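Undergrad: If you scroll down you'll find the structure; I have some questions about it.
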């Protein structure tokens with residue numbers, strides 16, 4: 001099954017830059033017709049370029065009044081994503097599960113009945129596609145629930161299914177858990193036994209599960225915990241490294257691409273400091289989720305001096321490009337496993353806006369965590385009444401009570417605190433009508449990204465040669481069949497204004513200003529961003 005020799009050689013050669021790399025300015029060809037717009041042509045040429053919105057279905061929109069978000073609620077609210085500028089939805093796990101979050105699956109071929117029926121899901125996919133929105137599913141292949149029929153059969157002594165997991169007759173220490181049929185490995189919990197990815201039958205199951213959902217119209221997968229596929233002390237007869245994860249993912253991607261080459265696959269590699277490790281996963285995925293870049297965004301948004309912002313990003317992207325010259329980064333600000341960014345910055349709206357401006361001007365497919373565009377608060381709590389990370393994943397804020405979810409059903413001091421903070425923000429509908437809202441910052445930037453090829457496509461990134469400790473800049477450039485665009489993005493991180501730079505071009509965006517104010521700018525205000533078109 002696993003073509004380790006050839007694939008490992010390919011990976012090593014790529015990692016050490018022994019394959020030729022293309023220009024940072026991307027050029028492509030297609031048989032364009034005069035009746036197609038450039039955007040239509042590019043959408044066909046680069047179907048994997050999207051702006052994604054990560055959503056917990058349970059928390060987003062309730063269509064039937066039971067307090068739980070569902071597929072039909074999402075379908076009813078698809079125009080919200082169109083208005084915002086979102087072109088891809090990442091649905092956190094939708095399979096049946098004993099937990100609210102779904103990261104311990106009991107049936108990979110079914111949907112959580114809390115969210116509706118399979119027909120409801122298929123309708124959501126069709127409706128989303130009709131509006132230019134692709135669906136990405138969160139797939140949990142590192143482990144299953146301990147209530148999955150496979151694991152229950154393993155505990156009953158079925159040798160076929162015992163080999164679906166990693167069992168041992170010895171007590172091997174941390175992450176190993178006792179059972180009626182020996183000890184088993186479960187990195188995250190005894191309730192989440194790890195699958196045996198060395199078993200070809202398990203690999204085939206994973207591929208067949210993926211094909212099942214692709215047949216439903218799903219065009220992307222977010223693979224959970226890929227950096228734990230082969231963990232330390234899991235396979236006792238061998239020493240595992242993260243290269244084993246990448247080799248497994250290469251085989252998986254080969255099978256996916258053979259079935260549908262347009263499906264976009266990203267994976268969770270939670271490593272913020274070692275960008276080289278994250279970058280190496282471009283050898284096995286369309287994109288590892290970009291934790292290093294996301295950490296830089298959060299840090300820079302909270303700082304007034306960022307001398308290495310552009311140079312460090314350039315260093316990171318150059319490394320990614322050595323592994324895959326056509327890499328697509330997957331940056332974000334915060335996600336479902338973190339406290340919300342609004343909580344991190346104590347509701348500082350300038351910092352929240354700066355984070356949005358950084359996220360949506362960098363290369364790749366940006367990911368918004370639901371409610372981030374509204375400035376929602378959320379943090380992990382102390383376990384009062386059994387509530388922990390649920391408070392990072394609270395109901396989305398609608399002004400319209402018809403669609404509000406209320407699935408948590410527990411009142412604690414933390415929930416009351418968060419409800420008060422979130423209520424003060426105003427719901428989605430009111431923020432959409434407020435031109436100064438955070439929602440409109442995101443919508444404006446997403447529209448710019450969708451309309452400017454240098455922002456949306458390619459992975460070019462070149463630091464601006466005049467960057468200072470607080471005024472940091474970089475160029476984004478893209479060329480396609482004679483269509484060329486070059487942009488300069490500037491961030492003034494300081495708490496005071498700085499002189500306007502000299503440039504030959506057109507301002508496309510300036511924080512807190514409307515287009516009719518651009519020409520009269522004499523300085524770059526504190527904590528703001530400029531996007532300047534330099535195309536000749």
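The values are calculated or read from the model by the stated rules, or taken from the named source; none is laboratory data. Everything numeric in this text was worked out from a predicted model, so none of it was measured. Ideal geometry is used to build each Cβ from the backbone, glycine not excepted, and the neighbour counts take in all protein chains shown.
Undergrad: Out of the stretch 300-341, which residues are closer than 21 Å to residue 527 by Cβ and without any contact (Cβ under 8 Å) to a residue 24 or more places away in the chain?
TA: Correct list: 308, 312.
Undergrad: Which one of 62, 104, 70, 79 is out of contact with any helix residue (DSSP H, G or I) (no Cβ under 9 Å at 6 or more places or on another chain), farther than 22 Å from residue 263 by Cα and surrounded by 20 or more Cβ atoms within 10 Å (Cβ to Cβ)? Quick ask: steps written out before the conclusion?
TA: Values: 62 fails: out of contact with any helix residue (DSSP H, G or I) (no Cβ under 9 Å at 6 or more places or on another chain); 70 fails: out of contact with any helix residue (DSSP H, G or I) (no Cβ under 9 Å at 6 or more places or on another chain); 79 fails: surrounded by 20 or more Cβ atoms within 10 Å (Cβ to Cβ).
When all the criteria are applied, what remains is 104.
Undergrad: Every residue in the stretch 335-351 that is surrounded by fewer than 23 Cβ atoms within 10 Å (Cβ to Cβ) and closer than 19 Å to residue 303 by Cβ, please.
TA: Of everything in the stretch 335-351, those that are surrounded by fewer than 23 Cβ atoms within 10 Å (Cβ to Cβ) and closer than 19 Å to residue 303 by Cβ turn out to be 338, 339, 343, 344, 345, 346, 347, 348, 349, 350, 351.
Undergrad: Regarding the stretch 305-321, can at least one residue be identified that is within 22 Å of residue 439 (Cβ to Cβ) and modelled with pLDDT of 95 or more?
TA: Here is the first cut: in the stretch 305-321, the ones within 22 Å of residue 439 (Cβ to Cβ) are none.
No - not one qualifying residue is present in the stretch 305-321.
Undergrad: Take the stretch 42-94 and flag every residue that is at pLDDT below 95, in a helix (DSSP H, G or I) and either touching a strand residue (DSSP E or B) at 6+ places or on another chain (Cβ under 8 Å) or closer than 19 Å to residue 122 by Cα (or both).
TA: The answer is 42, 45.
Undergrad: Let me ask something else about it. Hey, can you tell me all the residues within the stretch 424-453 that are surrounded by fewer than 17 Cβ atoms within 10 Å (Cβ to Cβ) and farther than 30 Å from residue 44 by Cα?
TA: Those that are surrounded by fewer than 17 Cβ atoms within 10 Å (Cβ to Cβ) and farther than 30 Å from residue 44 by Cα: 424, 429, 430, 433, 434, 435, 436.
Undergrad: Considering only residues that are closer than 16 Å to residue 233 by Cβ and modelled with pLDDT of 95 or more, which ones fall in the stretch 162-174?
TA: Pass one, the stretch 162-174, residues closer than 16 Å to residue 233 by Cβ: 165-174.
Matches in the stretch 162-174: 165, 166, 167.
Undergrad: Shifting gears a bit: Please tell me if residue 456 is buried (at least 21 other Cβ atoms within 10 Å of the Cβ) and closer than 24 Å to residue 319 by Cβ. Quick ask: steps written out before the conclusion?
TA: Numbers: buried (at least 21 other Cβ atoms within 10 Å of the Cβ): yes; closer than 24 Å to residue 319 by Cβ: yes.
Yes, satisfied.
Undergrad: Sticking with this one: Filter the stretch 63-98 for residues that are in contact (Cβ under 8 Å) with a residue 24 or more places away in the chain, more than 21 Å from the chain's Cα centre (by Cα) and closer than 22 Å to residue 223 by Cβ and give the result.
TA: Across the stretch 63-98, the qualifying residues are 97, 98.
Undergrad: Touching a helix residue (DSSP H, G or I) at 6+ places or on another chain (Cβ under 8 Å), surrounded by 14 or more Cβ atoms within 10 Å (Cβ to Cβ), closer than 24 Å to residue 53 by Cα and free of Cβ contacts under 8 Å to residues at least 60 places away in the same chain: which single residue out of 391, 412, 405, 381 fits that description?
TA: Testing whether each residue is touching a helix residue (DSSP H, G or I) at 6+ places or on another chain (Cβ under 8 Å), surrounded by 14 or more Cβ atoms within 10 Å (Cβ to Cβ), closer than 24 Å to residue 53 by Cα and free of Cβ contacts under 8 Å to residues at least 60 places away in the same chain leaves just 391.
Undergrad: Going through 103, 108 one at a time, which residue ends up being under 30 Å from residue 446 (Cβ atoms), in contact (Cβ under 8 Å) with a residue 60 or more places away in the chain and in a loop (DSSP other than H, G, I, E, B)?
TA: Numbers: 108 fails: under 30 Å from residue 446 (Cβ atoms).
Sole residue among the options that is under 30 Å from residue 446 (Cβ atoms), in contact (Cβ under 8 Å) with a residue 60 or more places away in the chain and in a loop (DSSP other than H, G, I, E, B): 103.
Undergrad: I need the full set of residues from the stretch 375-395 which are under 18 Å from the mean Cα position of the chain (by Cα) and either assigned to a helix (DSSP H, G or I) or within 14 Å of residue 86 (Cβ to Cβ) (or both), in order please.
TA: 392
Undergrad: Further question on the same structure: Just to verify a result, which residue in the stretch 225-241, among those that are closer than 17 Å to residue 165 by Cβ and modelled with pLDDT of 95 or more, is nearest to the chain's Cα centre (by Cα)?
TA: 225
Undergrad: Please work out which one of (1) over 26 Å from residue 85 (Cα atoms); (2) surrounded by fewer than 18 Cβ atoms within 10 Å (Cβ to Cβ) is the condition residue 512 fails and give its number.
TA: Answer for residue 512: the failing condition is (1).
Undergrad: Among the numbered criteria (1) under 27 Å from residue 299 (Cβ atoms); (2) without any contact (Cβ under 8 Å) to a residue 24 or more places away in the chain, which one does residue 470 miss?
TA: All conditions are met except number (2).
Undergrad: Still on this model: Go through the stretch 111-142 and report how many residues are closer than 28 Å to residue 192 by Cα, touching a helix residue (DSSP H, G or I) at 6+ places or on another chain (Cβ under 9 Å) and in a loop (DSSP other than H, G, I, E, B).
TA: Total meeting the criteria: 6.
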